[in-house]
Amino acid sequence: MDYSLEIQENILFLNIKGDLLGDTADKEIQESIKAKVEAHHLLLCGIDLSGVRYMNSSGISLLINLLNSFKENGGEAMLVSPSPQIRKLLEMMKLHTVFSIVDTKEESINQLRKIII
């Protein structure tokens, strides 16, 4: 799994590529996000899943932990562009009731900006 972080319109985007299996990269991702959030005072996060091919329960746990982390600090996180396979998994696990899920980054920007305004 590879990931990158970018800030766009005061929103942190986590872009994930490959399989989200909850390996040692999880801690690295969480630490990288924490550093960006603290340095830039960010409250909003879009988690781009367009490049995720497969996700197991540990990967789902990472997503839930990220959502909880942002909510605990008065912010919000949402899932962006999951593939049909990943979206089906999220729906089977009833996580579409926990996460906001949008199809594009532009949609996430529009929705997340409304939360803070």
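No lab work stands behind these numbers, since they all come straight from the coordinates. On a predicted model such as this, the values are computed, not experimentally measured, just so you know. Cβ coordinates were reconstructed from backbone atoms using ideal geometry, including for glycine residues, and neighbour counts include every protein chain displayed.
Mind jotting down the three principal axis lengths of segment 55-117 based on Cα atoms? Whole angstrom, largest first.
34, 24, 15
Give me the percent relative contact order of the chain, please, defined on Cα pairs under 8 angstrom at least 6 residues apart.
Normalised by residue count, the contact order of the chain is 25 percent.
Determine which lysines satisfy two conditions relative to LYS36: a Cα distance under 17 Å, and not lying fewer than 8 residues away in the same chain.
In chain and number order, the partners are LYS27, LYS71.
What whole-number volume per residue, in cubic angstrom, does the convex hull of the C-alpha atoms of the chain give?
Dividing the Cα hull volume of the chain by its residue count gives 88 Å³.
Efficiency by 1/(1 + (r/R0)^6): what FRET value for LYS27 and GLU6, r their Cβ-Cβ distance, R0 = 25 Å, to the nearest 0.05?
So the FRET efficiency works out to roughly 0.75.
Based on DSSP H assignment, which helices of the chain show an axial Cα extent of at least 15 Å together with a mean Kyte-Doolittle hydropathy greater than or equal to 0.5?
Those that pass (Cα extent of 15 Å or more, hydropathy at least 0.5) are 57-72.
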